[in-house]
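Report on one structure; see the data block that follows.
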């Protein structure tokens with residue numbers, strides 16, 4: 001009796017997985033009670049650079065030696081990208097092999113098809129590494145908190161952006177400066193769009209939403225907004241007001257039980273558990289009706305933390321396979337996926353931080369406050385800073401406003417009207433404030 | 001097809017479990033895909049007070065209606081205490097019933113016997129609620145981090161003591177004052193000994209040690225020290241030096257791979273993830289060779305958070321039972337328990353904070369430093385405070401010392417010698433400093 005594993009991909013994560021299977025194989029086999037063996041590693045090209053070089057003989061450019069090979073029980077997909085990963089995974093499932101994947105983009109887009117193929121073939125698809133790297137949040141959602149109705153789930157799901165925001169906040173750096181530093185430190189890619197515009201985190205949020213609420217929303221149906229327009233000025237105003245700015249992933253149900261899923265920069269009160277999550281760390285805070293708030297934090301990326309989660313899935317499948325069972329827990333913890341869509345962003349209610357740039361002359365605040373009142377938006381706090389050259393009529397001066405909870409649609413309309421005012425000299429900066437969570 | 005549950009005990013936790021099974025039964029059954037049903041609740045006496053009153057007909061004083069009843073697949077023991085809980089659990093396992101228990105004291109003492117009985121009968125014993133209440137740390141250790149060699153595990157495992165320490169630190173309260181407040185707030189029992197002297201946390205630490213290292217140490221073999229002798233003075237000196245005092249549970253392996261398990265107040269650097277865990281929260285920080293540091297925090301006690309964990313175990317057993325499998329994962333994540341014992345406290349190496357009360361006269365520090373040097377203990381920092389009435393020869397004055405890492409045996413001997421000095425006017429306060437973790 002042994003469990004044999006085949007790997008598809010040997011980039012950063014794949015190398016970490018191969019390394020653990022080889023170097024920690026004895027330890028893991030001792031824990032299992034039987035041998036766990038890496039049989040083959042499928043790669044695109046022998047000449048590709050690999051962060052860790054596997055023992056010779058393991059590499060192959062023929063994926064067919066792994067997919068559908070009856071000697072290989074567990075196929076680990078760590079190639080990334082949509083194709084051929086999707087085709088390979090479906091083939092493996094249809095051949096009766098279990099699959100482990102770290103591919104959040106693929107699951108967010110084609111999860112339904114993949115989970116259904118697994119169920120039809122009575123095999124499992126595990127994906128602990130697809131969300132929050134080394135943090136075992138998938139298991140926590142599927143099993144640890146399985147008896148809870150999830151009130152809301154908040155996450156810091158992207159280490160690159162959290163590192164940038166931490167540097168901007170601690171050193172008062174501009175966004176471009178902090179990004180350049182993150183790239184130098186290896187926390188951001190040469191083309192950072194996917195991270196900084198929120199798409200990476202949004203894919204993870206889609207999967208967490210499925211675990212929390214049994215619905216796998218489409219990327220197009222959720223509001224996604226990155227951090228590239230944040231300024232050190234806003235971060236410092238936020239601090240002055242007792243808040244920290246994070247790129248926040250949020251899934252919840254509102255009072256009418258409607259699903260709400262959104263990803264955008266948000267101001268969190270300084271004493272929120274997520275506000276102290278700094279640097280490249282990820283964190284997920286789950287609030288359940290029975291358990292209350294549970295926070296998990298740790299490395300959200302990196303070769304070895306991600307490999308740690310892939311290995312946990314491999315070990316789980318080895319144990320399941322050994323006891324002859326399959327699909328003990330459905331992939332998302334729910335017997336089936338609902339078709340429920342998140343409500344449109346226009347219908348979301350939240351509080352707002354607004355930084356207007358206005359002319360420093362009498363009557364400006366009255367005009368602005370009048371527009372907000374006309375849209376049923378009530379103001380919680382107004383801070384009018386003195387213009388740089390005091391006395392200079394019409395000098396551009398920041399006007400910072402915190403609102404009470406308002407409807408996004410009302411806010412959008414109010415801001416459009418405010419933008420038409422002569423006394424408003426620049427586009428208004430808007431950051432949502434989450435202080436009710 | 002349905003899963004039927006019997007409950008033993010209807011105190012605080014038992015009432016929470018009964019309430020969830022009744023009120024959330026539909027939700028959970030929908031998640032499972034088949035009905036989950038509470039059949040019976042065994043109690044000692046109908047006249048006992050119950051925090052939540054179950055529907056009539058469920059209560060029975062005859063445990064025999066639950067234990068060994070072939071219609072009941074899962075027996076939930078939430079009575080507490082060693083007997084009759086131990087006998088009931090063994091009977092249930094020997095009758096082929098799965099068991100869920102929240103009984104940390106029982107498992108810490110009789111775990112081996114209970115886990116062996118489960119294996120012999122091919123049934124499962126789950127105990128998520130026994131450690132850190134609602135935090136799913138048992139699953140994290142058994143499954144989420146299963147591929148990791150655990151470098152160390154640190155925990156704040158008792159909410160009562162963490163609440164008291166937080167109050168002492170924030171309000172400069174004395175221990176007795178903070179304890180009285182905790183009792184008033186419902187965080188401490190009328191007889192708080194079990195919590196404040198560390199035994200409750202030690203039982204949880206024993207179980208976490210078993211999950212991390214496959215050895216279930218005896219309570220007698222680990223160093224257990226509570227918080228009742230801590231003073232606001234030491235907490236304030238700690239803060240001055242950049243540290244926070246926590247009742248720390250620690251399991252690790254030293255450089256010689258020897259197991260180290262201890263529970264005592266410790267000074268942690270302010271930026272340690274555990275240092276921000278305040279109030280009645282619990283937290284566990286696990287450091288794995290691949291994953292790095294993972295922290296989980298949440299409510300460590302309370303009726304509903306604890307019930308949340310019991311329900312997670314019930315759901316896991318319902319799923320396992322449904323797919324006809326048993327003991328997929330061994331109770332501790334290891335195929336068998338080793339007989340390894342933790343090394344004696346005298347052989348532990350750590351840094352120390354010492355607060356001596358000395359006469360304010362020349363030569364005192366020289367004598368003390370000489371004794372430390374004679375025991376190969378090197379000093380990292382010495383702070384000599386001015387006596388209250390300056391100039392008064394021999395006035396008692398605090399001398400605060402931080403040492404580098406030293407052997408506990410050497411420290412004990414040095415302190416015994418120092419205690420003999422005429423110039424040392426009161427027993428020296430000792431708090432271990434953990435700044436290498």
Residue that is away from chain B (no Cβ under 13 Å), touching a helix residue (DSSP H, G or I) at 6+ places or on another chain (Cβ under 9 Å), over 30 Å from residue B:19 (Cβ atoms) and in a helix (DSSP H, G or I), where the choices are A:239, A:249, A:307: A:239
Going through (1) touching a strand residue (DSSP E or B) at 6+ places or on another chain (Cβ under 8 Å); (2) buried (at least 23 other Cβ atoms within 10 Å of the Cβ) one by one, residue B:13 fails only at (1)
When you check residue A:165 against the structure, is it surrounded by 17 or more Cβ atoms within 10 Å (Cβ to Cβ), closer than 24 Å to residue A:294 by Cβ and either in contact with a helix residue (DSSP H, G or I) (Cβ under 8 Å, 6 or more places away or on another chain) or free of Cβ contacts under 8 Å to residues at least 60 places away in the same chain (or both), yes or no? yes
Would you be able to tell me the number of residues in the range A:330-358 that are closer than 19 Å to residue A:96 by Cβ and in contact with a helix residue (DSSP H, G or I) (Cβ under 7 Å, 6 or more places away or on another chain)? 1
Among the numbered conditions (1) more than 15 Å from the chain's Cα centre (by Cα); (2) in a loop (DSSP other than H, G, I, E, B); (3) under 21 Å from residue B:311 (Cα atoms), tell me where residue B:142 comes up short. (2)
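Would you check if residue B:108 is in contact with a helix residue (DSSP H, G or I) (Cβ under 6 Å, 6 or more places away or on another chain) and either within 27 Å of residue B:219 (Cα to Cα) or surrounded by 15 or more Cβ atoms within 10 Å (Cβ to Cβ) (or both)?
On the way: in contact with a helix residue (DSSP H, G or I) (Cβ under 6 Å, 6 or more places away or on another chain): yes; either within 27 Å of residue B:219 (Cα to Cα) or surrounded by 15 or more Cβ atoms within 10 Å (Cβ to Cβ) (or both): yes.
So residue B:108 fits the description; yes.
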Residue B:337, sole failed condition from (1) touching a strand residue (DSSP E or B) at 6+ places or on another chain (Cβ under 6 Å); (2) modelled with pLDDT under 95: (1)
If you go through the range B:101-111 one residue at a time, do you hit one that is away from every other protein chain (no Cβ under 14 Å), in contact with a strand residue (DSSP E or B) (Cβ under 7 Å, 6 or more places away or on another chain) and not in a helix (DSSP H, G or I)? yes
Would you confirm whether any residue within the range A:147-159 is over 26 Å from residue A:267 (Cβ atoms) and surrounded by fewer than 24 Cβ atoms within 10 Å (Cβ to Cβ)? yes
Could you list, in sequence order, all residues of the range A:23-53 that are out of contact with any strand residue (DSSP E or B) (no Cβ under 6 Å at 6 or more places or on another chain), within 18 Å of residue A:12 (Cα to Cα) and modelled with pLDDT of 95 or more? A:23, A:24
Looking only at the range A:52-81, how many residues end up being under 27 Å from residue A:109 (Cβ atoms) and within 14 Å of another protein chain (Cβ to nearest Cβ)? 2
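Taking the condition touching a residue at least 12 places away in the same chain (Cβ under 8 Å) and crowded, with 18+ Cβ neighbours inside 10 Å, does residue A:82 pass? Lay out the reasoning, then the answer.
Values: touching a residue at least 12 places away in the same chain (Cβ under 8 Å): yes; crowded, with 18+ Cβ neighbours inside 10 Å: no.
Considered against the rule, which asks whether it is touching a residue at least 12 places away in the same chain (Cβ under 8 Å) and crowded, with 18+ Cβ neighbours inside 10 Å, residue A:82 comes out as no.
Does residue B:294 satisfy being assigned to a strand (DSSP E or B), touching a helix residue (DSSP H, G or I) at 6+ places or on another chain (Cβ under 8 Å) and at pLDDT 95 or above?
Details: assigned to a strand (DSSP E or B): yes; touching a helix residue (DSSP H, G or I) at 6+ places or on another chain (Cβ under 8 Å): yes; at pLDDT 95 or above: yes.
Yes.
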Only residues that are surrounded by 23 or more Cβ atoms within 10 Å (Cβ to Cβ) and under 18 Å from the mean Cα position of the chain (by Cα): list them for the range A:286-298, please. A:286, A:294, A:295, A:296, A:297, A:298
Residue match in the range A:169-177 (condition: buried (at least 22 other Cβ atoms within 10 Å of the Cβ) and part of a helix (DSSP H, G or I)): no
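With respect to residue A:332, determine if the residue is in contact (Cβ under 8 Å) with a residue 24 or more places away in the chain, crowded, with 21+ Cβ neighbours inside 10 Å, under 22 Å from the mean Cα position of the chain (by Cα) and in a loop (DSSP other than H, G, I, E, B). Break it down stepwise before answering.
On the way: in contact (Cβ under 8 Å) with a residue 24 or more places away in the chain: yes; crowded, with 21+ Cβ neighbours inside 10 Å: yes; under 22 Å from the mean Cα position of the chain (by Cα): yes; in a loop (DSSP other than H, G, I, E, B): yes.
Spelling it out, residue A:332 is indeed in contact (Cβ under 8 Å) with a residue 24 or more places away in the chain, crowded, with 21+ Cβ neighbours inside 10 Å, under 22 Å from the mean Cα position of the chain (by Cα) and in a loop (DSSP other than H, G, I, E, B).
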Residue A:356 - would you say it is under 22 Å from the mean Cα position of the chain (by Cα), more than 8 Å from chain B (Cβ to nearest Cβ) and at negative phi? no
Does the range B:212-236 hold any residues that are out of contact with any strand residue (DSSP E or B) (no Cβ under 9 Å at 6 or more places or on another chain), more than 30 Å from residue B:336 (Cβ to Cβ) and part of a helix (DSSP H, G or I), and which are they? B:232, B:236
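Looking at the range A:129-145, is at least one residue over 30 Å from residue A:248 (Cβ atoms), out of contact with any strand residue (DSSP E or B) (no Cβ under 8 Å at 6 or more places or on another chain) and touching a residue at least 12 places away in the same chain (Cβ under 8 Å)?
At the first step, the residues of the range A:129-145 found to be over 30 Å from residue A:248 (Cβ atoms) are none.
Scanning the range A:129-145, I find no residue that is over 30 Å from residue A:248 (Cβ atoms), out of contact with any strand residue (DSSP E or B) (no Cβ under 8 Å at 6 or more places or on another chain) and touching a residue at least 12 places away in the same chain (Cβ under 8 Å), so the answer is no.
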Can you tell me which residues in the range A:316-329 are part of a helix (DSSP H, G or I), surrounded by fewer than 21 Cβ atoms within 10 Å (Cβ to Cβ) and within 9 Å of chain B (Cβ to nearest Cβ)? A:322
One residue from B:49, B:35, B:70 being under 24 Å from residue A:141 (Cα atoms) and either in the same structural domain as residue B:283 (by TED's automatic domain parsing) or surrounded by fewer than 22 Cβ atoms within 10 Å (Cβ to Cβ) (or both): B:35
Which number in (1) touching a helix residue (DSSP H, G or I) at 6+ places or on another chain (Cβ under 6 Å); (2) part of a strand (DSSP E or B); (3) within 14 Å of chain B (Cβ to nearest Cβ) marks the one condition that residue A:287 misses? (1)
For the condition assigned by TED's automatic domain parsing to the domain that holds residue B:241, closer than 17 Å to residue B:266 by Cβ and at pLDDT 95 or above, what is the one hit in B:165, B:216? B:165
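The values are calculated or read from the model by the stated rules, or taken from the named source; none is laboratory data. This one's a predicted model, so the numbers in the text were calculated from it and none came from an experiment. Because the Cβ atoms are built from the backbone with ideal geometry, glycine has one as well, and the counts that use them run over all protein chains shown.
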